[in-house]
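To keep things clear, I will list the structure first and then write my remarks on it.
The values are calculated or read from the model by the stated rules, or taken from the named source; none is laboratory data. Everything numeric here is computed off the predicted structure, so don't read it as measured data. For neighbour counting, all protein chains shown are included, and Cβ atoms are generated from backbone atoms with ideal geometry for every residue, glycine included.
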Protein chains: 6
Amino acid sequence: MTLVIINPNSSQTVTDGIDAAVDPLRRFGTPIRCLTLPDGPLGIESQRQADLTIAPMLTLAAAQSDATGYVIACFGDPGLHALRDQTNLPVVGIQEAAVMTALTLGQRFGVIAIMPASIPRHLRAFGAMGVLNRLAADRALDLGVADLSDPDKSLSAMVAIGKRLRDDDGANVLIMGCAGMAQYRDMLEAETGLPVVEPCQAAGAMALGHIALNQSHRKGPK
Amino acid sequence: MTLVIINPNSSQTVTDGIDAAVDPLRRFGTPIRCLTLPDGPLGIESQRQADLTIAPMLTLAAAQSDATGYVIACFGDPGLHALRDQTNLPVVGIQEAAVMTALTLGQRFGVIAIMPASIPRHLRAFGAMGVLNRLAADRALDLGVADLSDPDKSLSAMVAIGKRLRDDDGANVLIMGCAGMAQYRDMLEAETGLPVVEPCQAAGAMALGHIALNQSHRKGPK
Amino acid sequence: MTLVIINPNSSQTVTDGIDAAVDPLRRFGTPIRCLTLPDGPLGIESQRQADLTIAPMLTLAAAQSDATGYVIACFGDPGLHALRDQTNLPVVGIQEAAVMTALTLGQRFGVIAIMPASIPRHLRAFGAMGVLNRLAADRALDLGVADLSDPDKSLSAMVAIGKRLRDDDGANVLIMGCAGMAQYRDMLEAETGLPVVEPCQAAGAMALGHIALNQSHRKGPK
Amino acid sequence: MTLVIINPNSSQTVTDGIDAAVDPLRRFGTPIRCLTLPDGPLGIESQRQADLTIAPMLTLAAAQSDATGYVIACFGDPGLHALRDQTNLPVVGIQEAAVMTALTLGQRFGVIAIMPASIPRHLRAFGAMGVLNRLAADRALDLGVADLSDPDKSLSAMVAIGKRLRDDDGANVLIMGCAGMAQYRDMLEAETGLPVVEPCQAAGAMALGHIALNQSHRKGPK
Amino acid sequence: MTLVIINPNSSQTVTDGIDAAVDPLRRFGTPIRCLTLPDGPLGIESQRQADLTIAPMLTLAAAQSDATGYVIACFGDPGLHALRDQTNLPVVGIQEAAVMTALTLGQRFGVIAIMPASIPRHLRAFGAMGVLNRLAADRALDLGVADLSDPDKSLSAMVAIGKRLRDDDGANVLIMGCAGMAQYRDMLEAETGLPVVEPCQAAGAMALGHIALNQSHRKGPK
Amino acid sequence: MTLVIINPNSSQTVTDGIDAAVDPLRRFGTPIRCLTLPDGPLGIESQRQADLTIAPMLTLAAAQSDATGYVIACFGDPGLHALRDQTNLPVVGIQEAAVMTALTLGQRFGVIAIMPASIPRHLRAFGAMGVLNRLAADRALDLGVADLSDPDKSLSAMVAIGKRLRDDDGANVLIMGCAGMAQYRDMLEAETGLPVVEPCQAAGAMALGHIALNQSHRKGPK
């Protein structure tokens, strides 16, 4: 019995960050295994890149014979519903889980996106989720995925956007709009005074809850 | 360190049912204590009854010195935001948690209400949550709270409403709109083929996740 | 036959202001009595404070044997639905009435809140009312309730927020988000050129209309 | 000082019914004068007919030199915003006022339309008002405007639709979707047990409130 | 067989601009005739002016015996549904067509209005269309209709608003909120890097598609 | 210069039907070429199948060197945004185009789905489009894709659902929720009296309009 978390990009550094982010959930007793998708791009910046990860991700997921649940760890949830078509096990997307978690922590959520080009993608997803009335704003750092490896640049950019989301847009809770920002959560909470949802953590917790409660999207035979 | 679940009505039978419902979550390692509110009514049927539980509930919550988080276990979430004003610890309402969980399990959720009079209350809450675009319908059993103690009547009424929500209203996931229905979850899933969210379970899982991840509605000093 | 307006805080000054605000409605012929809730807090700043006024407010309301209708005069409408559960007489909340009135005066309404902490509470209410598509923005003065007694500070803060709501957020009508601002309505209208809805006035007018038309939330026997 | 209510169709019978409907509001002290639009059609069934009443209605309104406020008494509110462009005096449409009133009387409103062809028109208006989340359903009697003069047919058709709106669609309050149904309000309330909003009454009450409070859509000089 | 485009104001200059704007659509093979409404105002600034064009517009439309479809070329779509009541032929409004086209070109659309007073009118229309979740913002140039004839002033004002809609409000596509801006489309696209929808073009293309596909709002006999 | 329409399933019969459906648009002068995706499934029933067509569809699209625009001809619009990331040419999805077209033909649109399992997929898309307020209902035929080849069964099932959408759900316009239903459009319009949007036609017309007007989702250099 293992919760399998798939990072659909090919960066082991990002996967390692995810693994560290969800570590506090290991005390729940279910093993958690974080996988890198070797066929994924180094970072997912466009819908085209996201969509092209689905086929290899589905194959990788199917090969995890001990899986008792899955998390797809890319903000954008590529292949979320495709994997739900493929398996009866719980499947959680980090974007969806982050939003549902944020909705219990503040009335309006602000999203910190890596790049402006991601925002239309996010808005389509929030529209599909039916939660746009709760969105304060979605604003981009305008740093390349690469720049995220510079901790100082990243953190100061996040704090600046977080404060703008709080003060101008009225956000009461922040969502990190990327799988690779977990290390900054505490500092961002300290600097803004707002709760911050790290999406891999939110998804991991939700998946473990689903597993413990035998809660899945499909109850009949596959 | 204990998760405290407060049943704001005075029925120990309901509290016992809640305790049994969340039992699968005890393997996460955090003790869970379910409390009955002695000053609550036997069952909560009106907004007036719900509102009048808030003052004693806040007192009861404040007295739990070992609490590391709270669940308010009445569908309607009376006092949810009042308790969040009182404490920095995670506070989860079963209605809110049930909805957020259901939104990850199906596109449209159907709600099984105990009585017709509860529906306007639910709709106000779903509007405040901003999720009405995801609601298939909210339909009532039209059984008294008392009749819920007759397992046969209750189950067959729930199955009938569940099938109507599925077939006429297009629900892909069902929410039990009451804290006292947990024993019927498996049978309702079997009869309808839909995932069923029992709200106390959903809230318990979410609260334990919040505790493990140090996730709260307020991050600054109280 | 009397319209009873209950100020759920314990400030007689606020009650006196409400009484003056609704005075132009006395020419409709129905006596209006404004009551202070002795058990209320001096000012209502949190949801917790609001919720705790409900029990004594319900008792106070029940004791008004000559009442032919009620107004609950706190922006936030604490106990609105509880009092509707308790009586068949018309019950109007000043927040609800202010919004419904504003929707007939401009396409987008802006709300002037006393404190930032009130805004999530307002947004939950506007969501429950289903009117968020009409909201321009809800912005806070960031003055303490106490500072409202300094007319100069209050008025200039209101005018500044009113102009921001008009110019940046596109508000065509303003709502005073508090029961204690009535004396500034004319000046705020003059300074901004926008219609301004004072919520106690709006609620009083609506309640008198309901009474004259025998219009209530419930028509069958209690 | 007079509240002028304009019936934009040419039926004096309809105007007489409006006059009787608003009679209980005369005790507020402001004279109310109900006018028939001689250039209007006998009944307004299409958007085309509605739009063609605007020009003569604006002329008729401008000729009422003692007016201190206006009500446009056709469900559909033809010319509502045009008249607001023409005058600074309060202008209330019966459709808008009926909806805003209904929103204070029940969580979901049902509308009884005269003919199916009116429903898209209503839905456009409800969309412009931003209140579709509160609509239970809008259902038509499918009687000609003429048949409304047969009290028995009309009432039984209204009761049937009202019960369907209540039982199938979940309406908690009903709106009569026409200016000529006022005589049936009491019976419809008795038969359905729901509050019923007669739109001319709702608009009259709201207009008198606006007049008493000097509340208009425009506060600067015309 | 002719597509008839009616400019409901009396400015031949505006009509000539519309004619030039839709010229690229003439290669589809259907003749296009652009008409000025002699009884219209020089420019349409208020709802009152818009509504008063409906009667003569309907007459002018009815007189076009070779029409195989209509476009009403005023942003605000005055008489759109009235003309649909009058004819079974395709009738397209430039505002509606511009929005539907923009929704296929970007996730959030920004609207460049001529004057602030138009914005509430636009918002009512977008609400009736049910597309407010896709609106970034609607902002006005605050130039008189007359100033639009000064190309330099107009273009620089449009570019400034277009960049604000893009950068502050998150628009991915722009709509020119007036029938007389077509000549600036290319420059505005070049300056902002965003797709720009000129509403007469969008409506012309849509109308020609409807004609070719025998697609109308009504399929039965008139 | 060619409009390329890609059927992402591998059924040449479906492609032939699409080709016939868009034939009336050939008189606009732009060649239209309809392609079958050899690597696609015989029919697309699940999100998983839809997502797996994206990679080969993108390759096929890139190989069309004479393309001046694209239509993706599967209701569900798989890869719509991915192809927009890949090319600056106009890209139209049949689902999106059908909805935008239907919104100009009736206030509430009804969708005829092939199978119940498609409906959640549709609803996610309509949510992302922000048009749920305009949806009457989405109801399934519950025929297999194969059964669509039996004209009698298909047509009678469509007519039955179309009438239900019209009479019970209030649809004023119908959308065929599949690329392979075009041959039935006329009969369905005749039987229901409602306008019917065939999505390949709607998308073809919109794409040709975009091409003629140089209207694309991206205006800067790729």
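Annotations
- Filtered residue count, the range E:16-29, keeping only those that are over 18 Å from E:D66 (Cβ atoms) and in contact (Cβ under 8 Å) with a residue 24 or more places away in the chain: 5
- Look at (1) modelled with pLDDT under 95; (2) away from chain A (no Cβ under 12 Å); (3) closer than 25 Å to B:L80 by Cα and you find that B:L155 fails only one, number (3).
- Test: residue in the range A:203-222 that is touching a Gly at 6+ places or on another chain (Cβ under 9 Å) and closer than 27 Å to C:A117 by Cβ: no
- Tallying residues that are of a type in the set (S, T, N, Q), in a helix (DSSP H, G or I) and buried (at least 19 other Cβ atoms within 10 Å of the Cβ) within the range C:147-173 yields 1.
- First in the range E:153-168 and touching a residue at least 12 places away in the same chain (Cβ under 8 Å), second anywhere and part of a helix (DSSP H, G or I) and among the charged types (D, E, K, R), Cβ under 6 Å, 6 or more apart: E:V159/E:E191
- A search for C-beta distances below 6 Å between a residue of the range C:130-143 that is not assigned by TED's automatic domain parsing to the domain that holds C:E45 and any residue that is polar (S, T, N, Q), counting only pairs 6+ apart in sequence or on different chains, returns C:G130/D:N133; C:L132/A:N133.
- Just one of the listed residues (D:A102, D:A117, D:A20, D:A125) is more than 25 Å from C:G106 (Cα to Cα), out of contact with any Asp or Glu (no Cβ under 6 Å at 6 or more places or on another chain), in the same structural domain as D:Y184 (by TED's automatic domain parsing) and of a type outside the set (F, W, Y), and it is D:A117.
- Candidates C:G79, C:G130: the one that is surrounded by 19 or more Cβ atoms within 10 Å (Cβ to Cβ) and farther than 29 Å from E:G127 by Cα is C:G79.
- For the range D:30-69, a tally of residues being in contact (Cβ under 8 Å) with a residue 40 or more places away in the chain, within 14 Å of chain E (Cβ to nearest Cβ) and within 22 Å of D:M176 (Cβ to Cβ) returns 6.
- Pick from the range C:174-217, criterion part of a loop (DSSP other than H, G, I, E, B) and more than 7 Å from chain D (Cβ to nearest Cβ), ranking: surrounded by the fewest Cβ atoms within 10 Å (Cβ to Cβ): C:N214
- All of (1) more than 10 Å from chain F (Cβ to nearest Cβ); (2) under 18 Å from E:I5 (Cβ atoms); (3) more than 13 Å from the chain's Cα centre (by Cα); (4) of a type in the set (A, V, I, L, M) hold for E:A171 with one exception: (2).
- Members of the range D:119-146 found to be of a type in the set (A, V, I, L, M, F, W, C), within 14 Å of chain C (Cβ to nearest Cβ) and part of a helix (DSSP H, G or I), listed by number: D:A125, D:F126, D:A128, D:M129, D:L132
- Meets criteria (buried (at least 22 other Cβ atoms within 10 Å of the Cβ), touching a residue at least 40 places away in the same chain (Cβ under 8 Å) and under 18 Å from E:Q215 (Cβ atoms)) for E:A73: no
- Neighbours by Cβ (under 7 Å, 6+ apart or cross-chain): first from the range D:76-99, at positive phi; second part of a loop (DSSP other than H, G, I, E, B): D:G76/D:I44; D:G79/D:T53
- Among all positions in the range F:82-93, there is no residue which is within 17 Å of F:S10 (Cβ to Cβ) and either among the small types (G, A, S) or away from every other protein chain (no Cβ under 11 Å) (or both).
- Helices (runs of 4 or more DSSP H) contained entirely in the range D:1-118, each with at least 1 residues that are among the acidic types (D, E): D:12-21, D:47-52, D:80-86, D:94-102
- Assessment of the range C:19-30 against the conditions (surrounded by fewer than 19 Cβ atoms within 10 Å (Cβ to Cβ), among the basic types (K, R) and more than 25 Å from C:L148 (Cα to Cα)) yields at least one matching residue.
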